[in-house]
Amino acid sequence: IDGPLLCDLEEYVISLGACSIGYTRLPAQWVFQNKAALHSNVIVLTMKMDRERINTSPSPEAEYTVLATYRDLGLITNKVAAFLRRHGFSAQAGHPLNGQTLYPPLAHLAGLGQLAYSGLIITPEFGPCVRLSAIYTSIENLPFNEGNEHTWITDYCASCGLCINQCPAEAIYNEPIQHESGQITYVDNDKCFPYFHYIHGCSVCIKVCPFNHVAYEKLKEKKLHIHYDDNDLK
């Protein structure tokens, strides 16, 4: 893909209502069992949710914005895939709900944010109050992300614990879960998914997260300030 077309793609994505776009390669470990992606080159999209509705969770209002965002981002993802096909590339749309892969780690790899203890991606623009989707494409020369400037959030999560303490399903742990696949997570999906399904899309972990209420840069400044103060005491 050449520079002008990449700019057209990114402008198109934002014009449709997505909030950010990133690029990464697809590690096999993040493909769901019995599913497949056509390509290992991934375009990851984010779309913000209605924060006021999310902050009523768990509630019908919060459930509405979760489902509405799934719907709208799904339409955007299909349109982006069609855009790429019109320009001669193969593209497979990954719907934000029940897609082929696990999106938060891909968003992390794409540099769009940091994977949190809650299993959510924390973005600098909207914290965890986003939904994600992906497009798998034949384009080999995407500007794939390398590195991640948001890694400080992991230390913040370790010192916070609000999502762990407030999770109504008690599905988020202080200590990581070691899965048979070798993956390490802090979320017990056997507890999380049923509650999400039956209790209005839950979203309590999003509601209580400090990044949902305080600007990213303010939390970063506070974290670094505390870190420096701790060093001064040594």
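The values are calculated or read from the model by the stated rules, or taken from the named source; none is laboratory data. As the structure is a computational prediction, the values presented were derived from the model and not from experiment. Neighbour counts are summed over all protein chains in view; Cβ atoms, including those assigned to glycine, are modelled from backbone coordinates with ideal geometry. For accessibility, only protein heavy atoms count, side chains too; no ligands or nucleic acids. Shrake-Rupley method; radii C 1.70, N 1.55, O 1.52, S 1.80 Å.
Observations
- Taking the Cα centre of region 92-205 as origin and assigning +1 to Lys and Arg Cβ atoms and -1 to Asp and Glu Cβ atoms, the resulting dipole is close to 300 debye.
- For region 106-118, putting each phi into the Karplus relation 6.51 cos²θ - 1.76 cosθ + 1.60 with θ = phi - 60° gives couplings of 5, 5, 4, 5, 7, x, 7, x, 10, 6, 9, 4, 6 Hz, in residue order, rounded to whole numbers and with x for Gly and Pro.
- V214 accessible area, assembled protein chains, probe 1.4 Å, Å²: 60 Å²
- Choice from I76, I199, I172 with maximal GNM fluctuation in the chain (Cα, 10 Å cutoff): I199
- The stretch between N145 and L6, if pulled fully straight at 0.36 nm per residue, gains 48.6 nm over its current Cα-Cα span.
- 3J(HN,Hα) couplings calculated from phi for region 78-90 with the Karplus curve 6.51 cos²θ - 1.76 cosθ + 1.60 (θ = phi - 60°) are, in sequence order, 5, 5, 5, 4, 5, 4, 5, 5, 4, 9, x, 9, 7 Hz; Gly and Pro show x.
- Evaluated with a Cβ-only charge set (Lys, Arg +1; Asp, Glu -1), region 43-93 carries a dipole of roughly 360 debye about its Cα centre, given to the nearest 20.
- Computed with a 1.4 Å probe over protein heavy atoms only, the accessible area of H39 comes to about 40 Å².
- Sequence-ordered 3J(HN,Hα) estimates for region 31-42 from the Karplus curve with 6.51, -1.76 and 1.60 and θ = phi - 60° stand at 8, 5, 4, 6, 10, 8, 10, 5, 9, 9, 8, 10 Hz, glycine and proline given as x.
- For the chain, the share of alpha carbon pairs falling in successive 5 Å distance bins from zero is 1, 7, 13, 18, 19, 17, 12, 8, 4, 1, 0, 0, 0 percent.
- Amide H contacts under 5 Å for T185: I177, H179, restricted to partners 5 or more places along the chain or on a different chain, H placed in the peptide plane at 1.01 Å from N.
- Qualifying aspartates and glutamates (Cα of each under 17 Å from Cα of K207; at least 8 residues distant if same chain): D50, E52, E61, E63, E125, E170
- Overall, the chain carries a charge dipole of about 520 debye about its Cα centre when +1 sits on the Cβ of Lys and Arg and -1 on the Cβ of Asp and Glu, all other atoms neutral.
- Acute angle (nearest 10 degrees) that the helix 3-16 long axis makes with the longest principal axis of the chain, alpha-carbon atoms: 60 degrees
- Value at 222 nm in deg cm²/dmol, rounded to 500, when DSSP H runs of n ≥ 4 in the chain each add -39,500 (n - 2.57): -13000 deg cm²/dmol
- Solvent exposure of E221, expressed as accessible area, is near 130 Å², computed with a probe of 1.4 Å over the protein chains only.
- For the chain, modelled as a GNM whose springs connect Cα atoms under 10 angstrom apart, the maximal fluctuation among L16, L109, L45 occurs at L16.
- Projected label distance in nm at A158 and L75, using a 7 Å step from Cα toward the beta-carbon: 4.4 nm
- Qualifying lysines (Cα of each under 25 Å from Cα of K35; at least 8 residues distant if same chain): K79, K191
- Helix 189-198 axis, angle to the chain major axis (alpha carbon atoms, nearest 10°): 80 degrees
- For Y23, distant residues with modelled amide H under 5 Å away: V44, N145
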